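Single-structure report; data block below.
The values are calculated or read from the model by the stated rules, or taken from the named source; none is laboratory data. The structure displayed is predicted, hence computed values, not measured ones. Positions of Cβ are backbone-derived with ideal geometry, glycine not excepted, and every protein chain shown enters the neighbour counts.
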Amino acid sequence: MFKLSKFLFGIILIAVLVFNFAAADTTLTDGSIADTVEHDAKVPILLYHNIMDDFDPKQSSVHISPKLFEEHMLSLKNAGFHTIDFNQYYDYRINGQPLPEKPVIITFDDGYSSNYEQAFPTLKRLDMKATIFILTGRMGAADDVTYPHFTWKQAREMQESGVIDIQSHSDLHPNMMQQSVGRVQLELRRSKYLIEKNLNKTCDVFAYPYGLYNNQAQEMAEKAGYKMQVFVGDKGVNEDDTSLRQLKRLTAFGNINGEQLIEMIKQNTEGH
Ligand SMILES: [Zn+2]
């Protein structure tokens, strides 16, 4: 009898400890359980490219001024959005880890120097994070490119800061639908390998150049080890049943103000 009660006491003690540990784990992300989302999260992924002043307004899908970019970020913050990275999103989808309330993923394509010079310090100051999809074959390129690209050294500095997560946008930005199987393989695997080798991290996400993809490329990306694939759809947000190999992104245009950005996100969230 004595042994049995001791045994039961042990079980209860373990149960209490496990429960406390699990509860503590849940609160880690954002301070309190009330501020987290555990299911039915609707996660917008925003897409930016280059940051600069004085661009042709017709090019506002790829450019935004430094001042307006900061306004976008402040508006997200004021509207209660919390920036997360793809690892957090994966942990939520696959392992059921909670996300902060109103999660949003900020992304940049191509890896331009302006991301390092403008976006990185702004995000750092505002305590926000973003993901940059780079072209591994263009690192540090300044000639024969539309805009200069940041270097591996700068990529390392950003990655190590915890503000920026670097992922793949291929090696040389081809249209993946028009390449041979061998070239698609090379673009997927070479960029992943170079990111992992140079930045000492795993590369889990692939963003298709021009947002163009087909089923074959998606399967090859999965086989190459990418856990998530993103494209450009300009419609909708990501929900629990959205395929991880077809995550949606919304272009954050450089000609809309912060208020319009929040409204655009709202419309895409509610319309789905
Ligand atoms: Zn691109």
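Going by the structure shown, is T122 modelled with pLDDT of 95 or more and in a strand (DSSP E or B)?
no
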* Do we find that K266 is more than 16 Å from the ligand (Cβ to nearest atom), over 30 Å from S65 (Cα atoms) and basic (K, R) in this structure? -> no
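Between K192, K129, K124, which is buried (at least 19 other Cβ atoms within 10 Å of the Cβ), of a type in the set (K, R) and in contact with a helix residue (DSSP H, G or I) (Cβ under 8 Å, 6 or more places away or on another chain)?
Details: K192 fails: in contact with a helix residue (DSSP H, G or I) (Cβ under 8 Å, 6 or more places away or on another chain); K124 fails: buried (at least 19 other Cβ atoms within 10 Å of the Cβ).
Of the residues listed, the single one that is buried (at least 19 other Cβ atoms within 10 Å of the Cβ), of a type in the set (K, R) and in contact with a helix residue (DSSP H, G or I) (Cβ under 8 Å, 6 or more places away or on another chain) is K129.
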* To do: Inspect all residues belonging to the range 162-169 and state whether any of them is surrounded by fewer than 14 Cβ atoms within 10 Å (Cβ to Cβ) and closer than 20 Å to Q88 by Cβ.
  => yes
* Single unsatisfied condition, M228 versus (1) without any contact (Cβ under 8 Å) to a residue 24 or more places away in the chain; (2) in contact with a Leu (Cβ under 6 Å, 6 or more places away or on another chain) -> (1)
* What number of residues within the range 100-149 satisfy the criterion of being more than 17 Å from F206 (Cβ to Cβ), within 16 Å of the ligand (Cβ to nearest atom), more than 16 Å from the chain's Cα centre (by Cα) and of a type in the set (S, T, N, Q)? -> 3
* Asked: Does the range 89-111 contain at least one residue that is touching a residue at least 60 places away in the same chain (Cβ under 8 Å), more than 21 Å from F231 (Cα to Cα) and assigned to a helix (DSSP H, G or I)?
  -> no
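Run down F206, F231 and say which single residue is aromatic (F, W, Y) and either away from the ligand (no atom under 16 Å from the Cβ) or modelled with pLDDT of 95 or more (or both). It would help to see each step written out before you state the result.
Details: F231 fails: either away from the ligand (no atom under 16 Å from the Cβ) or modelled with pLDDT of 95 or more (or both).
Checking each option against the conditions leaves just F206.
Given the condition hydroxyl-bearing (S, T, Y) and free of Cβ contacts under 8 Å to residues at least 40 places away in the same chain, answer yes or no: does some residue in the range 129-147 qualify? Working first, answer last.
At the first step, the residues of the range 129-147 found to be hydroxyl-bearing (S, T, Y) are 131, 136, 146-147.
Filter again for free of Cβ contacts under 8 Å to residues at least 40 places away in the same chain, leaving 146.
Yes; the residues of the range 129-147 include at least one that is hydroxyl-bearing (S, T, Y) and free of Cβ contacts under 8 Å to residues at least 40 places away in the same chain.
Quickly run through the range 175-219 and pick out the residues that are among the charged types (D, E, K, R) and farther than 24 Å from V62 by Cβ.
The initial filter retains those residues of the range 175-219 that are among the charged types (D, E, K, R), namely 183, 187, 189-190, 192, 196-197, 201, 204, 219.
Within the range 175-219, R183, R189, R190, K192, E196, K197, K201, D204, E219 meet the criteria.
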* **Pairs, first modelled with pLDDT of 95 or more and within 16 Å of the ligand (Cβ to nearest atom) in the range 162-190, second part of a strand (DSSP E or B) and not hydrophobic (A, V, I, L, M, F, W, C), C-beta under 7 Å, six or more apart** => Q167/T131; H169/D109; H169/D110
* Among the residues of the range 66-88, write down those that are buried (at least 17 other Cβ atoms within 10 Å of the Cβ) and in a loop (DSSP other than H, G, I, E, B). => F81, I84, D85
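Within the range 209-228, how many residues turn out to be within 16 Å of the ligand (Cβ to nearest atom) and in a loop (DSSP other than H, G, I, E, B)?
Looking only at the range 209-228, we keep the residues that are within 16 Å of the ligand (Cβ to nearest atom), and these are 209-213, 217, 221.
With in a loop (DSSP other than H, G, I, E, B) added as a condition, the list becomes 212-213.
Total meeting the criteria: 2.
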